[in-house]
1. So for each of 107-114, 162-169 I average, over its residues, the number of other beta carbons within 10 Å; can you give me the resulting order with the highest mean first?
2. More than 21 angstrom separation, counting every C-alpha pair in the stretch 114-251; what % is that?
3. Within the stretch 204-219, find all residues whose amide N lies under 11 Å from a label point positioned 7 Å from the Cα of residue 178 along Cα-to-beta-carbon.
4. Going by how many other beta carbons lie within 10 Å of each one, how would you line up 90, 126, 140, fewest first?
5. Give me 131, 226 ranked fewest to most by other Cβ atoms within 10 Å of their Cβ, as a rough exposure proxy.
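All of the numbers you see were taken from the coordinates with simple rules; none came from a lab. Values in this document were obtained by computation on a predicted structure and should not be read as measured data. We place every Cβ from the backbone using ideal geometry, glycine too, and count neighbours over all the protein chains shown.
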């Protein structure tokens, strides 16, 4: 994820073939979506009594396109207001962001480094959170002395407010915080049947952390995030305030 003029893209290990194919899957999903819009517009153009090559035709076409977009937008885009300082400096309290709901609708997992809006475990909160994905299913992850490593390579994180004051690692079929397995009623640790390996993020889960690492209620406190049924969507832009407008690339 990269925020134009605000945040830079993070570097990570070269993903396996299945992960390199995700951008193609997302592109295919978006292509299908726009094809659906085109078909709807074409159908309406044939159904309505337009007088082609006229000013009225242009106005009617714009009206039809607007109505189609108005109908589909609530199902594809969500507006979210940032509620806390946990993602500073990337996102500030009160920032209005647009969230792409299509990937989650089609079951496409968010990419490493993407900013997502999600429903946290019910024991943690009942309101939606916004954090950054730092590791996905099958990834190794360790955060030691302020340096995060994914799949054996350091992650460049220029967007961090401050270095984290804790260590975190996927290890022994658990998530270790400062060398001790995360425990307690809030700990979201999947059963071993969900793990392909004891040192990799379990299948169907992800690790999410705030960019303001020391002031964020995230995976380092409550464990792994289950993707299915919890991901609302991926942040694509900050649209307000005008002084903080930014676009995020979807990879």
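1. 107-114, 162-169
2. The proportion of pairs with Cα distances above 21 Å equals 41 percent.
3. Correct set: none at all.
4. 126, 140, 90
5. 226, 131
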